[in-house]
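The values are calculated or read from the model by the stated rules, or taken from the named source; none is laboratory data. Owing to the predicted nature of the structure, the values given are computational and were not obtained by experimental measurement. Don't worry about glycine lacking a Cβ; one is built from the backbone with ideal geometry, like all the others, and counts go over all protein chains shown. Surface areas here come from the heavy atoms of the whole protein model, side chains and all, with no ligands, DNA or RNA. Shrake-Rupley method; radii C 1.70, N 1.55, O 1.52, S 1.80 Å.
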Amino acid sequence: MDKKKVYLFIDESGDASFYAKKNKLLVGTDGFQPLLLLGLIVLEDKKQIHNTIKSLQEDIKNDTLYNSLKCVSNPKGWYFHARNDQPEIRTKFIELIRKMEGFKSYIVIGRKRLDLFHKKHNKSESEFYFDIVYHLLKDRLNDSSVFYQILLSTRAGNSGEKLKEAIEKAIERDNKKRKKPITIHYDCRTIPSDITPELSIIDYLMWALQRYILLKDSRFYNALVK
């Protein structure tokens, strides 16, 4: 009998950068992002959520009220992405998320401290990034009767191998806390955001949280908190 599938979609908001080219320190400069947020949504009915988002996307692309907007008419293509979407589009997608059921979301906030970056992460952006992935996944993979499909949005520096290391570290940590270790069944890979509408959900949730933390703008955060 095949195991039930549970899908975990992981995305980021912000970046892992502490230094620019030629080892120029970014901390304290204009444009430096002090936070890196990693978030995930957990869902079982992937097809329904995928189709619901794609349906709204197609409706917008076919609606003359919206399809001339800069984000929608981008010749390189368009998908729901909070930072790039214009206010009218954000409102429509946030309204959809508020009505949507069948998923859970989790977010870890990584505060970019230079001392920890040097001491704990060996001045490696990749180590910093995947340490947050590890913290995001611990306590989430706890059912040996299901098969976890873990999908990370493709970004520079991401790899399936590093993702697997973070997953194995989370499983090992969780098993040390259990009276009896369990076997977790999973597969993992990176996926592009533009063809994975499920990632747009966590993208918007993190965008709203980041605005709340950095800009004290609680409107979208309050609208999405359930």
Problem set entry | Choice from 22, 46, 177 with maximal GNM fluctuation in the chain (Cα, 10 Å cutoff) | 22
For this session: In vacuum, with every alpha carbon of segment 82-226 counted as one equal point scatterer, what does the Debye formula give for log10 I(q)/I(0) at q = 0.09, 0.11, 0.18 Å⁻¹? Two decimals, please.
Result: -0.35, -0.52, -1.25
Exercise. What full-extension length gain, to one decimal in nm, is calculated for residue 216 and residue 24 as 0.36 nm per residue of separation minus the Cα-Cα distance?
Worked result: 66.2 nm
Exercise. Do you know the relative contact order of the chain, to the nearest whole percent, from alpha carbon pairs under 8 angstrom that are 6+ apart?
Worked result: 30 percent
Exercise. How much length is gained on full extension from residue 101 to residue 114, taking 0.36 nm per residue of separation minus their Cα-Cα distance?
Worked result: 0.8 nm
Seminar exercise, completed: segment 132-194, Kirkwood Rh and Cα Rg, ratio Rg/Rh at 0.99
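Go through 76/138; 22/54; 76/162 and tell me which ones have a Cα-Cα distance over 32 Å in this structure.
76/138; 22/54, as the Cα separations exceed 32 Å there.
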Exercise. Once the other residues with Cβ under 12 Å from the Cβ of residue 150 are scored (Lys, Arg +1; Asp, Glu -1), what is the net sum?
Worked result: +2
For this session: Could you list which residues have their amide H under 5 Å from that of residue 5, counting only those 5 or more apart in sequence or on another chain, with H placed in the peptide plane?
Result: 147
Exercise. With springs only between Cα atoms under 10 Å, which of 123, 216, 162 fluctuates most in a Gaussian network model of the chain?
Worked result: 216
Seminar exercise, completed: The extension gain from residue 17 to residue 52, computed as 0.36 nm times the residue separation minus the Cα-Cα distance, is 9.1 nm
For this session: Enter the accessible area per residue of the chain (Å², integer; probe 1.4 Å; all protein chains in place).
Result: 57 Å²
For this session: Using only Cα atoms, figure out Rg for segment 26-138 and give it as a multiple of 2.2 N^0.38 Å.
Result: 1.38
Problem set entry | Under the Karplus curve 6.51 cos²θ - 1.76 cosθ + 1.60, θ = phi - 60°, whole-Hz ³J(HN,Hα) for segment 196-208, x wherever Gly or Pro sits | 10, x, 4, 5, 5, 5, 5, 4, 5, 5, 5, 4, 5
Exercise. What accessible surface, in Å², does a 1.4 Å probe find on residue 25, ignoring ligands, DNA and RNA and rounding to the nearest 10?
Worked result: 70 Å²
